[in-house]
Amino acid sequence: MLSYQHAYHAGNFADVHKHLTLYAVIDYLLRKKTAITYIDTHAGRGLYPLDAQETQRLQEYREGVWPLWQQRERLTETLLTSWLSAIAGAQSDNHELTHYPGSPWWLSHSLREQDRLRLYELHPGEHQHLNAQALPMQAERVYSDGLAGLTAMLPVATPRLCVLIDPSFERKAEYQEVADAVTYTLEKARHGVSVDLVSAAARWPSSRFVGCVKSERHT
Ligand SMILES: C[S@@+](CC[C@H](N)C(=O)[O-])C[C@H]1O[C@@H](n2cnc3c(N)ncnc32)[C@H](O)[C@@H]1O
């Protein structure tokens, strides 16, 4: 039974790091015209109203996206300023920060006609929220296990693949399952980019994760 709900943490420091990285990766991939399949194995709700009861409980966004948004007129770093402009595009009034976009939004907003997007979410309530989002036609939402879905999709039909693996780590075994899925993805999709967020949970140091993937690749 899954209990984690990302709305409690939306827009926090870790989200800023994750979504900035994702934004930079997508920006880089879009330099070529060839089609990309994006797979988000743990999608969450897609868009988070900051005034939601869950988000207001911890208000983690106040130490994440909020200070950056407040300073956006003064910032000069291109990645940050263009990322914040993209966030402005997710607001109903682009002068006021009322919503924080999750990974399905980041992956959707730059989809081209030739690209594909598959979003997996296993929590029934979270999947319902995800289903309610206005996303492009190519954004396919699937209510099932993301790592199993990822491995079943490989190899994909497009020349390029970008995978986001962002679990909630409610089970200890998930660390090993992610390492196995990454190893399999690297074998099946040599041109893939995988953004794996294992160290974010800090219980499995990233060096151990990388070591695990490497040793599995070489045995
Ligand atoms: C950290 S949150 C995702 C946040 C999202 N990637 C973002 O950046 O906005 C993890 C999500 O994975 C979902 N989840 C947990 N186990 C899953 C599984 N086996 N397959 C798919 N989704 C799962 C949880 O319900 C939760 O919504």
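Readers should treat all values here as calculations from the given coordinates under stated rules, not as data from a laboratory. Owing to the predicted nature of the structure, the values given are computational and were not obtained by experimental measurement. Here Cβ is always computed from backbone atoms with ideal geometry, including for glycine, and neighbour counts include all displayed protein chains.
Which of rounded, prolate, oblate describes the range 41-145, given a ≥ b ≥ c as roots of the alpha-carbon gyration tensor eigenvalues and a/c under 1.5 marking rounded, otherwise prolate only if a/b is larger than b/c? Here the range 41-145 falls in the oblate category. Taking the fewest neighbouring Cβ atoms within 10 Å as the starting point, the ordered list for Asp51, Asp145 is Asp51, Asp145. What share of Cα pairs, in percent, lie more than 25 angstrom apart in the chain? Every Cα pair in the chain considered, those over 25 Å come to 38 percent.
Of the trypsin sites (Lys or Arg not before Pro) found in the range 87-187, those that fall in a DSSP loop while having at most 16 other beta-carbon atoms within 10 Å are Arg112, Arg171, Lys172.
Going from the residue with the fewest nearby Cβ atoms within 10 Å to the one with the most, Phe169, Phe13 rank Phe13, Phe169.
Considering only beta bridges that DSSP places wholly inside the chain, some 15 percent are antiparallel. Taking amide hydrogens as placed 1.01 Å from N in the peptide plane, the amide H of Val163 sits under 5 Å from those of Ile39, Val193, Ser194, Val195, each at least 5 positions away in sequence or on another chain. Using a Gaussian network model of the chain whose springs link C-alpha atoms within less than 10 Å, name the residue from Ser103, Ser144, Ser82 with the highest mean-square fluctuation. Ranking Ser103, Ser144, Ser82 by mean-square fluctuation puts Ser82 first.
Summing +1 for each Lys or Arg and -1 for each Asp or Glu among the other residues whose beta-carbon sits under 15 angstrom from that of Asn12 gives -1.
Here each label is just a point 7 Å from Cα along the line to Cβ, and for Ala24 and Asp93 those points are 3.4 nm apart.
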